[in-house]
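Q: Mind having a look at this structure? Questions to follow.
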Amino acid sequence: MIRSAVSGTVLAFLFAGAAQAQTSAPAAPAAPAAPAAPATPATQPPATVAGADAFVAEAEKTLAEKSVGAQQVAWVNATYITDDTDALAAASGAEMTDLAVRYGLGAARYQALPGLSYDTKRKLDLLRGGITLPAPTTPGASAQLSMLTTRMSSSYGKGKGLLNGQPINGSDIEAAMGSERDPAKLKEMWVSWHDNVGAPMRADYAQMTGLANQGARELGYADAGALWRSGYDMSPEQFAQLTDKIWGELEPLYKALHTYVRWKLNEKYGDAVQARTGPIRADLLGNMWAQEWGNIYDLVAPKGAGDVGFDTGDLLKAKGYDPIKMVKAGEGFYSSLGFAPLPQSFWQRSQIVKPADREVICHASAWDIDNLDDIRIKMCTKVNADDFVTIHHELGHNYYQRAYKGQPFLYKNGANDGFHEAIGDTVALSITPDYLVKIGLLDPAKVPSADKDIGLLLRQAMDKVAFLPFGLLIDKWRWGVFSGQIPASQYQAGWDALRLKYQGVVPPVARDETKFDPGAKYHIPAGVPYARYFLARVLQFQFYKAACQQAGWKGPLHRCSFYGNKEVGKKLNAMLAMGQSKPWPDALQVFTGSREMSGKALVEYFAPLKTWLDQQNTGKPQGW
């Protein structure tokens, strides 16, 4: 689900990866020596317009050169986890952090100068806010921060949970959470994963938070959370308000889905496991984090309308698809829009299946190694519907990366990080029955009739709508941690409170402050901001609606596929090629005609389902 980039505004610890697991923290890699001073000019250019131009040129040149080696090290670490590659990654991360912090501090010197060109001003802003976890300038702080993030990320990648008393790795336990229906086994997996993977990193996380906050304050931000919220062409306060506004548009739809699913789970398991009222037990929703519920669609599908007549995973297996052929199919969608084929190096260098002989981070990710053409994906692909969708998502990152390769280094990024996540998801929304017919996976006679639309929409909502509050609360928790609103002594309580408030879920067993359940989700130890995924869930429906309008689609929005429409591809590429050169509303307008991020397109897409859910929920208490 993530893009790896030591480029643009993500300069530090985006070691892409991990949906694995672990029982205890590995031996810590030796702390690397503090890196040598980066190759910044011996004397910083004067505080003049010409000096600012020279500073930006030097920063951009140095970062572009250094990022390639950093990406290569991060790739090796993610695809071959050992103490040695951990140490190499920690040292490389420390150097990039040191470099980014120095340039960020330098950029602050020029930002307020009158007469700066648009590009110089924008690049100074990107440099100042362009590091996810900034280290303070204290000697050794970069090395310490890098060691902590590497250790936590690697610890996650090597972690194990338990099933039937036996160790099970992260990629396998995630699959088992989707297929198992015995509540005792679900509880065993949930508790063991959260205890074994999350709890051991609690102290490291608190230390990392302190260092990142010190670094953010040196850069002029209130804390690291304010730094994260500043990357959206608006103030941190305005961004928090924007996410709250969007959630307000979407919350009624989520609550309707929650009410219906709770009722169905109560029917399945009884009052002793899942009560008819109140929150839902988090381990019953088919996913380790209760973030997407599609794996339990069979438990909630309405009789008749709920049987859409096919499972994409079964179709793939019946047609003899292997992981390579699945990726080829994903490439084929983008080719149908007019995008050039993936380079040969993609097929030679990507990790498409899990190697049998070593530890790797399985969490799906897309990589741009050289800021030009060395694009890759890293997955542990299985032949199933989820991974078929994930492939379309990850390739969206790669095609975005290639579209903006002609931009200056600091503009080689998405218009905002939500854009980068949304592109592939927009394409994945076009994985409709008609699309499956066109690529030869589905028999035309098996295309679901209109009376199956509620089933199609409910299946989609179990992932797309169910995710929304989770996508928001991950960073709500971190913003609170960074600001001190959630102190280290209340990490677990703060997490549980947000899970209850936004998702309406509770752990299957009581939790206390010896636990650290946030750490059991990859993006927390890896230091990857998460608001991007919330934004992406919203943006993808805006992009999708615009693409369908451009393609002349006349039917229900959820039946639209723009596969094969080169005019849509041309307009999409025009937005992608802008990279981060303009504020995101400009990029949004190029493709959709609107400058506003809004949940309205998502609500429109699911409107028939909302009407149906409201009918089903009549007389049932909503909320928790």
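Derivation of every value follows stated rules applied to the coordinates shown; laboratory data play no part. Values in this document were obtained by computation on a predicted structure and should not be read as measured data. Every residue, glycine among them, receives a Cβ derived from its backbone with ideal geometry; neighbour counts consider all protein chains shown.
Q: Here are a few candidate values for semi-axes √(5λ) of the Cα gyration tensor in Å: (1) 42, 27, 22; (2) 56, 25, 22; (3) 37, 29, 24. Which one was actually calculated from the structure I just gave you?
A: Derived directly from the coordinates: (3).
Q: While we're here: Give the shape of region 346-488 as rounded, prolate or oblate, defined through the alpha-carbon gyration tensor: a ≥ b ≥ c are the square roots of its eigenvalues, a/c under 1.5 means rounded, and otherwise the shape is prolate if a/b is larger than b/c and oblate if not.
A: oblate
Q: Order of 375-381, 57-63, 450-456 by packing, highest average Cβ count within 10 Å first? Before the final figure, lay out the partial values.
A: Numbers: 375-381: 24.3, 57-63: 18.6, 450-456: 16.6.
In descending order of packing, they fall as 375-381, 57-63, 450-456.
Q: Rounded to the nearest 10 degrees, what's the angle between the helix 170-179 long axis and the longest principal axis of the chain, both from Cα atoms, 0 to 90?
A: Approximately 20 degrees, to the nearest 10.
Q: Cα axis of helix 323-336 to longest principal axis of the chain: angle in degrees, 0 to 90, nearest 10?
A: 80 degrees
Q: For 234, 578, what's the fewest-to-most ordering of other Cβ within 10 Å of each Cβ?
A: So the residues, fewest neighbours to most, are 234, 578.
Q: I would also like to ask the following. What percent antiparallel are the DSSP beta bridges of the chain, to the nearest 5?
A: 60 percent
Q: Same structure again: Which of the aspartates and glutamates could a cross-linker bridge to residue 319, judged by Cα under 18 Å and excluding same-chain residues fewer than eight apart?
A: Reachable aspartates and glutamates: 311, 331, 386, 387, 434, 443.
Q: Once phi is turned into θ = phi - 60°, what whole-Hz ³J(HN,Hα) does the Karplus curve with 6.51, -1.76 and 1.60 give for every residue of region 242-247, x standing for Gly and Pro?
A: Coupling constants for region 242-247: 4, 5, 5, 4, 5, 4 Hz.
Q: I would also like to ask the following. Please compute the contact order of the chain in relative form: average sequence separation of alpha-carbon pairs under 8 Å and at least six residues apart, divided by the residue count, as a percent.
A: Details: 1141 pairs, mean separation 126.5, N = 624.
Normalised by residue count, the contact order of the chain is 20 percent.
Q: How many angstrom lie between the C-alpha centres of region 101-122 and region 303-365?
A: 43 Å
Q: Compute the convex hull volume of the Cα atoms of region 452-534, divide it by the residue count, and report the result per residue in Å³ as a whole number.
A: It comes to 102 Å³ per residue, whole-number rounded.
Q: Can you flag which of 328/476; 123/501; 501/554; 325/446; 158/382 are past 28 Å Cα-Cα?
A: Where the Cα-Cα span goes over 28 Å, the pairs concerned are 328/476; 123/501; 501/554.
Q: If amide H atoms are built 1.01 Å from N in the plane of the peptide, which residues on other chains or at least 5 residues away come under 5 Å of the amide H of residue 505?
A: 280, 500
Q: Moving to a separate point now. Taking neighbour Cβ counts within 10 Å as the exposure measure, how do 204, 271 sort from fewest upward?
A: 271, 204
Q: Kindly rank 458-470, 171-183, 495-507 from highest to lowest mean number of other beta carbons found within 10 Å of each residue.
A: 458-470, 495-507, 171-183
Q: Could you derive backbone 3J(HN,Hα) for region 106-118 from the dihedral phi with the Karplus parameters 6.51, -1.76 and 1.60 (θ = phi - 60°), listing whole Hz in sequence and x where the residue is Gly or Pro?
A: My calculation for region 106-118 gives x, 4, 4, 5, 9, 4, 8, 5, x, x, 5, 5, 4 Hz in order.
Q: So, one more: Mind ranking 525-533, 80-88, 46-54, 426-434 by how tightly packed they are, going by the mean number of other C-beta atoms within 10 angstrom, highest first?
A: Averaged packing, sorted descending, gives the order 525-533, 426-434, 80-88, 46-54.
Q: Shifting gears a bit: Against the longest principal axis of the chain, how steep is helix 467-483, in degrees 0 to 90 to the nearest 10, with axes from Cα atoms?
A: The angle comes out near 30 degrees.
Q: Once phi is turned into ³J(HN,Hα) by the Karplus curve 6.51 cos²θ - 1.76 cosθ + 1.60 with θ = phi - 60°, what whole-Hz value does each residue of region 292-308 show in order, with x for glycine and proline?
A: Calculated HN-Hα couplings, in order: 9, 10, x, 5, 9, 4, 4, 7, 10, 4, x, 4, x, 5, x, 8, 7 Hz.
Q: Could you work out [θ]222 nm for the chain from helices alone, using -39500 (n - 2.57) per DSSP H run of at least four and dividing by all its residues? Round to the nearest 500 deg cm²/dmol.
A: On the way: 25 runs with 331 residues, N = 624.
Computed mean residue ellipticity for the chain: -17000 deg cm²/dmol.
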